[in-house]
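Undergrad: One structure coming up, written as structure tokens, with questions to follow.
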Amino acid sequence: MSVSSIADTRQYLTFRIGEEGFALDVSNVREILEFTAITKVPKTPEYMRGVINLRGSVVPVLDMRLKFGLEAAKKTIDTCIVVLEVDIDGEKTIIGALVDSVQEVFELDPQHIEPAPKIGTRLRTDFIKGMGKRDDHFIIILNIDKVFSSEELNAVQGLEKNEQMMMAGNE
């Protein structure tokens, strides 16, 4: 979805990763959880922190700091997991995104959203839906369906299914 396709005022959940502000369309957000124990799964990418049990469902948790090339998140009182619904090849999958802090939900008019910057052909920016302007600051509006490649999300989806089978075998 490009900026030109944002024709109406939408609500966004804002959060911080390091010093930067990010936002997601609230329609992708299921819930926000306090930091909880995460079960590490062997042989997964570094940004894949592990899985959590969310009311009997296995939910993979991905560290957004690591995904964006920063050092791993250190747990603070503000660290939380944003539970998201992402689209993988037309199928909805639930993931948890570990972020430094959640800020607020606010509405943003389309005229306050600029297109994603063009940084040349070697750097991916397709995961940036736009740059929201609020209080003289930019907020990076993410297209969560494109933050992770389909290969990464398919691996997460496979991991989720494997964990569910293992949990069923232990009952």
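Undergrad: Could you check how many percent of all C-alpha pairs in region 46-132 are farther apart than 20 Å?
TA: The calculated P(r) of region 46-132 puts 51 percent of pairs beyond 20 Å.
Undergrad: A follow-up question, please. Efficiency by 1/(1 + (r/R0)^6): what FRET value for Asp8 and Thr76, r their Cβ-Cβ distance, R0 = 41 Å, to the nearest 0.05?
TA: 0.70
Read-outs: derived from the displayed coordinates by stated rules, not from any lab. From a predicted model like this one, the values you see are computed outputs, not experimental measurements. A quick note on method: Cβ atoms are made from the backbone with ideal geometry, for glycine too, and the neighbour counts reach across all protein chains shown.
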